[in-house]
Amino acid sequence: MQRIRKAVIPAAGYGKRFYPLTRAQPKEMLPVLDKPVIHYVVEEAVSSGLDEILIIVGAGKDAIINYFDKNKMDDELDNYGFKGMPDIYFVRQKEQKGLGDAIRYAKNFTGDDDFVVLLGDTIYKSETERTVTSQLINLYEKTGSPSIIVERVKAEKIRDYGIVDGEKVSDDVFRVRSIVEKPDPSDSPSDLGVTGIYILGPYIYECLENIPLGRNGEYQLSDAYNLLVKKMDVFALIMKGKRYDIGTKELWIKTFIEFASKHGGYG
C-alpha cells in the first residue's frame, strides 16, 4: 500500500459567524496565541507525515496564501514552527457551495492517490504519541478503506454534528452504515460525531458528482459518504485526543484562553 503523502485543507467558507471581522480577515487566520488557526492545521498535517498540501481558498482569503510565503524573519526568529516547509499549493473555490463542492477542487491535485482531508478551522491535540491524523492513518493502513475521525458528543450538541450510524468492530472502531447530518437528538442513531479528519481516495469524486444540493443549499460531504458506504467499507475511529473547533466566537475565545493557560510563558 502506498504511503499517504497528500493533505487537502478546505478553507473557503464565508466566516459568517465572525462577521464583521471576516470582512477583512479569514477566520482561519484568527490567532490562537501567536499563530493563526491555519498554522496549527498545517502543523498537524506535517507532523503526520503529509508533505504535499493543497489549501482550498475563496474570495478574500489572500492572507492565507501570503502567510505561507517565505519571510526574512523566519530564519532570524526561528519560531515559525516547521522544521522543513512542506510543498503547499492553493486553488480558489469559485463559489462557496459547501464542503463537498470544495473537495471537488482537489481532483487534479490528488489524482489516483488516497489523501487526508483536514478542516481549516479545527485544531487537534492528541493524547498519545501519534497525532490524531496519524491515528486515522494507522487504521487506514490496516483496512485500506476510507476512514473518518469521530468523537462522542453530548446529547445537547448532537444537532451540531454529522452523526455516524455504525456497527461496532472494536472498542474504538465502527463500520459506517450512514452519516446523518445534524439530527434531532431524539432521532440520532448514535453519539458518534464526525469531527473533520477524513481519509479518501479517487472514488470519492464520482460520489460527489452524484449528490444533489443538500442542507443549507450546499453539497454535503456526508451525502457523498452515504453513497460511498454502498460500494465499500468505510470505518470510523474514535480519536484519542481533544478537538478545538474555532467555528464560533465563543469557541475561539475558549480555545485561546485554554491554550494561553497551558503555555509556560503565559499561564
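The table below lists the values:
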| item | result |
| --- | --- |
| Count of residues meeting criterion [crowded, with 21+ Cβ neighbours inside 10 Å, β-branched (Val, Ile, Thr) and either within 30 Å of Tyr19 (Cβ to Cβ) or without any contact (Cβ under 8 Å) to a residue 12 or more places away in the chain (or both)] in region 202-254 | 1 |
| Residue list for region 157-176, restricted to those being surrounded by fewer than 17 Cβ atoms within 10 Å (Cβ to Cβ), charged (D, E, K, R) and over 18 Å from the mean Cα position of the chain (by Cα) | Lys157, Arg159, Glu167, Lys168, Asp171, Asp172, Arg175 |
| Residues located in region 1-44, provided they are within 25 Å of Tyr219 (Cα to Cα) and of a type in the set (Gly, Ala, Ser) | Ala7, Ala11, Ala12, Gly13, Gly15 |
| Verdict on Lys154 being basic (Lys, Arg), exposed (fewer than 14 other Cβ atoms within 10 Å of the Cβ) and modelled with pLDDT under 95 | yes |
| Per-region count, region 178-192, residues within 23 Å of Asn138 (Cβ to Cβ), surrounded by fewer than 21 Cβ atoms within 10 Å (Cβ to Cβ) and either touching a residue at least 40 places away in the same chain (Cβ under 8 Å) or of a type in the set (D, E, K, R) (or both) | 0 |
| Matching residues in region 1-48 - criterion: being more than 22 Å from Lys254 (Cα to Cα), free of Cβ contacts under 8 Å to residues at least 60 places away in the same chain and of a type outside the set (A, V, I, L, M) | Arg3, Arg23 |
| Residue in region 160-179 that is closer than 19 Å to Leu251 by Cα and basic (Lys, Arg) present | no |
| Every residue from region 56-108 that is in a strand (DSSP E or B) and either modelled with pLDDT of 90 or more or over 20 Å from the mean Cα position of the chain (by Cα) (or both) | Ile56, Val57, Ile88, Tyr89, Phe90, Val91, Arg92 |
| Contacts under 7 angstrom Cβ, first residue in region 80-93 being closer than 16 Å to Asn108 by Cβ and surrounded by 15 or more Cβ atoms within 10 Å (Cβ to Cβ), partner small (Gly, Ala, Ser) and at pLDDT 90 or above, 6 or more apart | Gln93/Ala102 |
| Residue identified as more than 27 Å from Phe259 (Cβ to Cβ), modelled with pLDDT of 90 or more and among the small types (Gly, Ala, Ser) among Gly49, Gly120, Gly111 | Gly111 |
| Checklist (1) buried (at least 22 other Cβ atoms within 10 Å of the Cβ); (2) in a loop (DSSP other than H, G, I, E, B) applied to Asp112, failing item | (1) |
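The values are calculated or read from the model by the stated rules, or taken from the named source; none is laboratory data. All values derive from a computational prediction rather than experimental measurement. Note: ideal-geometry Cβ built from the backbone for every residue, glycine included; neighbour counts use all protein chains shown.
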